[in-house]
1. Order 224-231, 184-191, 34-41 from most to least packed using the mean count of other Cβ atoms within 10 Å.
2. Note the listed values (i) 1.04; (ii) 1.07; (iii) 1.00, then indicate which one is Rg/Rh (Cα atoms, Kirkwood Rh) calculated from this particular structure.
3. Return the calculated 222 nm mean residue ellipticity for the chain, to the nearest 500 deg cm²/dmol, obtained by summing -39500 (n - 2.57) across DSSP H runs with n ≥ 4 and dividing by the residue count.
4. What FRET efficiency do you get for K158 and D287 if R0 is 22 Å and r is their Cβ-Cβ distance, rounded to the nearest 0.05?
5. Which whole-number percent is the relative contact order of the chain (Cα, under 8 Å, 6+ apart)?
6. What does the C-alpha gyration tensor say about the overall shape of the stretch 80-234? Classify as rounded when a/c is under 1.5, otherwise prolate if a/b is larger than b/c, or oblate.
7. On a 25 Å Cα-Cα criterion, which of the cross-link pairs K290/K343; K286/K365; K286/K438; K256/K417; K173/K256 come out too long?
8. Hey, with R₀ at 35 Å, roughly what FRET efficiency would A107 and Y434 work out to, going by the Cβ-Cβ distance, to 0.05?
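Since every read-out is calculated from the coordinates, none of them should be taken as a lab result. No experiment lies behind these values; they were computed from the predicted model shown. Using ideal geometry, Cβ is built from the backbone for each residue, glycine included, and neighbour counts are taken over all protein chains shown.
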Amino acid sequence: MKKSLFLLFLTLLVSTPLWAVTGDVNGDGNVSIADVNAVIDAILNSSDDDTYDVNGDGIISVSDVNAIINIMLGGGDDDDDITPRNIELDFTDLDEPDETIPQDEDAADYGDYVENTNWSYVVYITFDGETATVTNSLSTVAAQVDGAHVTITSANKKVKYVVSGSTTNGSLKFYSSYKFQLLLNGVSITNPNGAAINNQCGKSCYVVLGDGTTNTLCDGTTYTNVSGEDQRGTLFSEGQILLSGSGTLNVYSVGKNCLVSDDYVLIRPGCHLYLNSTSGHGIKGKDFVKINGSVINMEISSAGGKGINTDSLVCINGGRTTIINTGAIAIADGDTTSCAGVKADYYFVMNDGTLNIKSTGEGGKGINVNQTLTFAGGTLNVVTTGANTDAAPKGVKVDTDATISGGSFYSCALQAKALDVNGTLTVADGYSSYTDTKHLVEIVY
């Protein structure tokens, strides 16, 4: 049976399109008749293992056998000559367009802007080594200070907390009945036993980076837990994290994640962010993560870690975000979890800005979306170089449908598919160039 099929494939060789492929499906280091037989077996057994989808067209068929035969006859693999784009951290300033702040109180995003609240009261928190000082004239705002560990309990509206100074053994924790502004005005906080800043208020936390200031937050390798409370990152909030200002924020995580909200995260233009995690994700937003601007750089090296992770939507509307992920796969109870630049459990949308992702760990992905991807504008550069042994290091992976209709879309995956769409891929007319191979997809409008 195999012999007759093989003769049939040789006959079809002249009429079936040949693709640029790797061809070593059995992993023995050679492209040979053994690989042909392996693909034939996969066809006869109706396998859906994409290892045998040699040409990357989503179907295991005669074309995959022909592609291997082409390599055996000297056709080669054009993708072997791919030199991926260079992606590295970029801290240079970014000229961003003016931001439009909604003035209509009925607008859905009116409350996301710190400027739309009149902050009538100010509390000053200053760290100084092993101690901290709270300057406060409000009877409805209580401060508990234990060394340099500060706990604020507030029943007052419209409070702005101005935080400065430095400590290597301190923290800042909030219990509040109302939203508040947190102005980081040149502060450095390291908490060896948990989150550097921990907001237990379910209301909005407006994190503002003071003009020209540099602020640094670090967590500890172990967290001292409080019953009934979360503190899942260096900067953690039960409510929304709404980040703005023109300063710099450096966040390091060696215990959990860098920046986490149990609601959503919004990053506005003007900020400079550097996130470094050896233990978890860079940004985690339960409801969504929306980036409207800023210069953001991330280095993620944790096993299975993600640069941006959300249970719902990731939306990129501006700024320049660069994610370098070197994490390996995480294995627990026989299940593998690979790292990714962006992981969205539902939707990924990009309308503007620049998103650069490089993932080098085994199985590491650039963008991994459980539902749909919509790419309407901006510049996307994805490169994955990790090994394809226990997990496939795809460039952009979409579990349902994907639509590309504008901007510049670039995805390169040296060891697997550059663009893997399990539903319908729609590429709108009007592009100026379109390169589509297994390991490289580039679409420019």
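1. Details: 224-231: 12.4, 184-191: 23.4, 34-41: 19.8.
Ranked by mean Cβ neighbours within 10 Å, highest first: 184-191, 34-41, 224-231.
2. Evaluating Rg/Rh (Cα atoms, Kirkwood Rh) on these atoms matches (ii).
3. Working: 3 runs with 34 residues, N = 445.
Counting only the DSSP helices, I get -2500 deg cm²/dmol.
4. Working: r = 25 Å, r/R0 = 1.12.
In this case the efficiency is close to 0.35.
5. Working: 1370 pairs, mean separation 35.2, N = 445.
Result for the chain is 8 percent.
6. Working: a/c = 1.84, a/b = 1.21, b/c = 1.52.
Oblate.
7. Numbers: K290/K343 13 Å; K286/K365 21 Å; K286/K438 33 Å; K256/K417 31 Å; K173/K256 17 Å.
The pairs that break the limit, which is 25 Å between Cα atoms, are K286/K438; K256/K417.
8. On the way: r = 38 Å, r/R0 = 1.09.
Computed FRET efficiency for A107 and Y434 comes out at 0.40.
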